[in-house]
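Just so you know, all these numbers are worked out from the coordinates, no wet-lab data involved. Here the structure is a predicted model, which means the values were calculated and not measured. Cβ sites come from the backbone with ideal geometry, for glycine too, and all protein chains shown count toward neighbours.
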Amino acid sequence: MEISRHWRLQQQRYGLVGEVCPHCEVKIFPPRDVCPNCAGEAKTPYVFTGRGEVFSYTTVYDAPEGYESNVPYTVALVKLEEGPLVTAQLTDVENGQVSIGTPVEMVTRKLREDGERGMLVYGYKFRPVLTTN
Amino acid sequence: MRDVFIAGVGLTPAGEHWDKSLRELAFYAIEAVARDAPRPNPEALFVANMLGGPLSHQAHLGALVADFAGLRGIEAVSVEAAGASGAAALRQAYLAVAAGAAESALVVGVEKMTDKVGPGVAAAMATSADSDWESAQGATPTALAALLMRRYMHAHGVALKDFANFSVNAHANARSNPNAMFRNALTAEAFVKAGVVADPINMFDTAPECDGAAALLVTSRPTPDHPAIRIAASTMATDTLAVHDRPDPLVFEAARFSAAKAYGTSGITPNQIQVFELYDAFTIFSALSLEAAGFAEPGLGWKLAADNEISINGRVPISTFGGLKARGNPGGATGVYQVAETVLQLRGEAGPNQVKGARYGMSQSIGGAGSTVVTHIFERVD
């Protein structure tokens, strides 16, 4: 059981809460408290919209422990509309329905499970955009 | 700092060694280096290893290997930098000898990959990526390389078949290497048809993880037993741990930086390098490494393979003993294999794999998807 390791990231996993640099206004995800652009202190929370597009993607057939039940699953680099890249699974994707540039939006899904009686870890994934808001 | 030499190399077969333990593999490599450089008298031992903890339930490898190899009492410590562990351990030995803290040091790279099988191994391998932001999403090292490869193919208009010769060349060179895991020939046709691991990466694109151990004797004076091989440069650089944090994921910035530093400190240019043992864990790594080290323009690393300039008789010979792809990729030991093979080339002891007249060689090892990169340049001093 590794509850605290996942619990302390709940704002990011469920809400895509990153940071915005008060000096140069660059948006930061995952949060790192120091701006990767201007190296200034950047601790101001910023909630990302969860919209972006696929920068690259792959399908995993050989999964690590905890992820076997999802095989095969699609992992992508998603370019968020605010700028940062994020590594995340794509979900609700039929075969061949994704390509570089596909618009996607964040949803909350089960990431992994630690056996039958273990913890379930939820977090962000991305799916092809359903709505136009 | 004073000159430092590689006085001895010890190689053991890479592969699946179900009947041998972590400590035994390390010991065989030390026996091999003692055959190559008789009367080694190391004052320090650096053990390179990646996954002894998660796979063999064994950490604290400095004391383990020193004890088992009959070196009890010696200063010993383990070094971990994912796939760059072996080269990072050599750098520690280099620093110790160059600084005058030791006259000679032993580097042993060892990995016992087969103590576990299945999803446990994939989970252990994934610890080299960013645990909170990459591995937690189910991304594996192969998946991260696949993300780079797909984007590279998209950005530069390259097809899977254009990468084939990286693997074909590696297998061709491994045929005469008794320590190689796969000594079978591979064709470009078989490469493009191979089973997918994480598309576009397939079974013949990725290097096989395996057991293995290799060793180096690092000294302040060359040995009379072999041509003198001097470490002309030893450099190390880091990039973001997570691929998604890089301004341009298609640039191996740490590889570029450590190579540039190595050229700068040695005064040796890419044009003079006659052998380049690069880190071909995936063909995309080879392409990006060739670009980062100045052998190809950005976006054109694949072309050196497609034009077959990477063979033993080519302009930029790489993977001359099979590389990670065909010799095998024993994790923390891999960087030590790469260095040992470069040294054999410069000594003129590479047998059928010899690059004619090689005097300058370079090896480069990569931890994670480019997060730690260690570069060494070697020179034969006549």
Considering only residues that are part of a loop (DSSP other than H, G, I, E, B), in contact with a strand residue (DSSP E or B) (Cβ under 6 Å, 6 or more places away or on another chain) and not aliphatic (A, V, I, L, M), look in the range B:251-300 and name the one that is nearest to B:Ala146 (Cα to Cα).
B:Tyr279
Do you know which residues across the range B:327-371 are in a strand (DSSP E or B) and surrounded by fewer than 24 Cβ atoms within 10 Å (Cβ to Cβ)?
B:Tyr360
Which condition breaks for A:Arg127 when tested against (1) under 17 Å from the mean Cα position of the chain (by Cα); (2) closer than 24 Å to A:Arg8 by Cβ?
(2)
Given the residues A:Pro36, A:Pro45, A:Pro22, which is the only one that is surrounded by fewer than 18 Cβ atoms within 10 Å (Cβ to Cβ) and either aliphatic (A, V, I, L, M) or outside any loop (DSSP other than H, G, I, E, B) (or both)?
A:Pro45
Does the range B:282-296 contain any residue that is buried (at least 24 other Cβ atoms within 10 Å of the Cβ), more than 27 Å from B:His154 (Cα to Cα), touching a residue at least 24 places away in the same chain (Cβ under 8 Å) and of a type in the set (S, T, N, Q)?
no
B:Leu25 - would you say it is at negative phi and assigned to a strand (DSSP E or B)?
no
Within the bounds of the range B:68-75, is there any residue that is over 21 Å from B:Gln338 (Cα atoms), over 22 Å from the mean Cα position of the chain (by Cα) and assigned to a strand (DSSP E or B)?
yes
For the range B:185-237, enumerate the residues that are out of contact with any helix residue (DSSP H, G or I) (no Cβ under 8 Å at 6 or more places or on another chain) and of a type in the set (Ser, Thr, Tyr).
B:Thr223
Which is away from every other protein chain (no Cβ under 14 Å), assigned to a strand (DSSP E or B) and of a type in the set (A, V, I, L, M, F, W, C), of B:Ala180, B:Ala233?
B:Ala233
Just checking, does the range A:108-115 include any residue being among the charged types (D, E, K, R), touching a Leu at 6+ places or on another chain (Cβ under 7 Å) and more than 7 Å from chain B (Cβ to nearest Cβ)?
yes
Yes/no for B:Pro208 being more than 10 Å from every other protein chain (Cβ to nearest Cβ), surrounded by fewer than 17 Cβ atoms within 10 Å (Cβ to Cβ), within 18 Å of the chain's Cα centre (by Cα) and more than 14 Å from B:Ile284 (Cβ to Cβ)
no
Inspect the range A:100-109 for any residue being surrounded by fewer than 19 Cβ atoms within 10 Å (Cβ to Cβ) and in contact with a helix residue (DSSP H, G or I) (Cβ under 8 Å, 6 or more places away or on another chain) and give the result as yes or no.
yes
Considering residues of the range B:238-250 that are in a loop (DSSP other than H, G, I, E, B), touching a helix residue (DSSP H, G or I) at 6+ places or on another chain (Cβ under 6 Å) and closer than 17 Å to B:Ser128 by Cβ only, the residue nearest to the other protein chains (Cβ to nearest Cβ)
B:Pro249
Look through the range A:85-100, keep the residues that are of a type outside the set (A, V, I, L, M) and within 7 Å of another protein chain (Cβ to nearest Cβ), and return whichever of them is farthest from B:Asp130 (Cα to Cα).
A:Gln89
Looking only at the range A:35-67, and only at residues there that are within 12 Å of chain B (Cβ to nearest Cβ) and polar (S, T, N, Q), the one that is nearest to A:Val20 (Cα to Cα):
A:Asn37
Of all residues in the range B:151-177, which are aromatic (Phe, Trp, Tyr) and within 14 Å of chain A (Cβ to nearest Cβ)?
B:Tyr152
Over the range B:183-201, the set of residues small (Gly, Ala, Ser) and either free of Cβ contacts under 8 Å to residues at least 40 places away in the same chain or away from chain A (no Cβ under 14 Å) (or both) is B:Ala185, B:Ala188, B:Ala190, B:Ala194, B:Gly195
Conditions (1) surrounded by 24 or more Cβ atoms within 10 Å (Cβ to Cβ); (2) part of a loop (DSSP other than H, G, I, E, B): number failed by B:Ala143
(2)
Which of the residues belonging to the range B:99-150 are in contact with a helix residue (DSSP H, G or I) (Cβ under 6 Å, 6 or more places away or on another chain), more than 12 Å from every other protein chain (Cβ to nearest Cβ) and closer than 25 Å to B:Leu241 by Cα?
B:Gly109, B:Val110, B:Glu111, B:Lys112
